[in-house]
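Participant: I'd like to ask you about the structure that follows.
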Amino acid sequence: MIALSLKINNKSGLHARAATLLVTTASKYQAEIIVKRGEREANAKSILNIMSLGAMQNDNITLKINGSDEQEAALALQKLFASNFGE
């Protein structure tokens, strides 16, 4: 299992477009991917779960990634966050 601590830097946080990009990227992998913000957790492959977190700019989140392709998934998600979701 891989745990990544990441900061949301894009202005809109994990709303609409960024959440869609996160879900699309996570869904490419078989690994289970959980997004944690504070005490709340969400399945990274569910747009409704991600939107319900209410993650905003400058929030810190943790990604918990577990599965056969966890390394590849972790790398792809780190790149997505580093690119500020294309903003």
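Participant: Hey, got the dipole for the chain? About the Cα centre, +1 on K and R Cβ, -1 on D and E Cβ, debye to the nearest 20?
Facilitator: 220
Participant: Give, in whole angstrom and from largest to smallest, the semi-axes √(5λ) of the equivalent ellipsoid of the chain, with λ running over the eigenvalues of the Cα gyration tensor.
Facilitator: 18, 13, 12
Participant: In whole percent, how big is the carbon plus sulfur part of the accessible area of the chain, probe 1.4 Å, protein atoms only?
Facilitator: Exposed carbon and sulfur together represent 49 percent of the surface.
Participant: Could you state the angle between the C-alpha long axis of helix 16-26 and the longest principal axis of the C-alpha atoms of the chain, as a value from 0 to 90 degrees rounded to the nearest 10?
Facilitator: Relative to the chain, helix 16-26 is tipped by roughly 10 degrees.
Participant: Right, here's the next one. Accessible area per residue for the chain in Å², computed with a 1.4 Å probe and the full protein assembly in place, what is it?
Facilitator: About 55 Å² of surface per residue is accessible.
Participant: Still on this structure: Can you compute the modelled spin-label distance between residue 68 and residue 11, with each label point 7 Å from Cα toward Cβ, in nm?
Facilitator: Distance between the two pseudo-spin positions: 4.3 nm.
Participant: With each pseudo-label sitting 7 Å past Cα toward Cβ, what's the residue 57-residue 43 distance in nm, one decimal?
Facilitator: Here the modelled spin labels are 3.2 nm apart.
Participant: What does the charge count near residue 73 come to, summing +1 for each Lys or Arg and -1 for each Asp or Glu among other residues with Cβ under 13 Å from its Cβ?
Facilitator: 0
Participant: How large is the helix-only mean residue ellipticity at 222 nm for the chain, computed as the sum of -39500 (n - 2.57) over DSSP H runs with n ≥ 4, divided by its residue count, in deg cm²/dmol to the nearest 500?
Facilitator: Taken over the chain, the calculation gives -10000 deg cm²/dmol.
Participant: While we're on this one: Below 8 Å, C-alpha to C-alpha, sequence gap of six or more: please give me the relative contact order for the chain in percent.
Facilitator: 44
The values are calculated or read from the model by the stated rules, or taken from the named source; none is laboratory data. Computed from a predicted structure; not experimentally measured. Counting neighbours? That spans all protein chains shown, and the Cβs are built from the backbone with ideal geometry, glycine included. The protein model used for the area step is the full one, side chains on, heavy atoms only, and it has no ligands, DNA or RNA in it. Shrake-Rupley method; radii C 1.70, N 1.55, O 1.52, S 1.80 Å.
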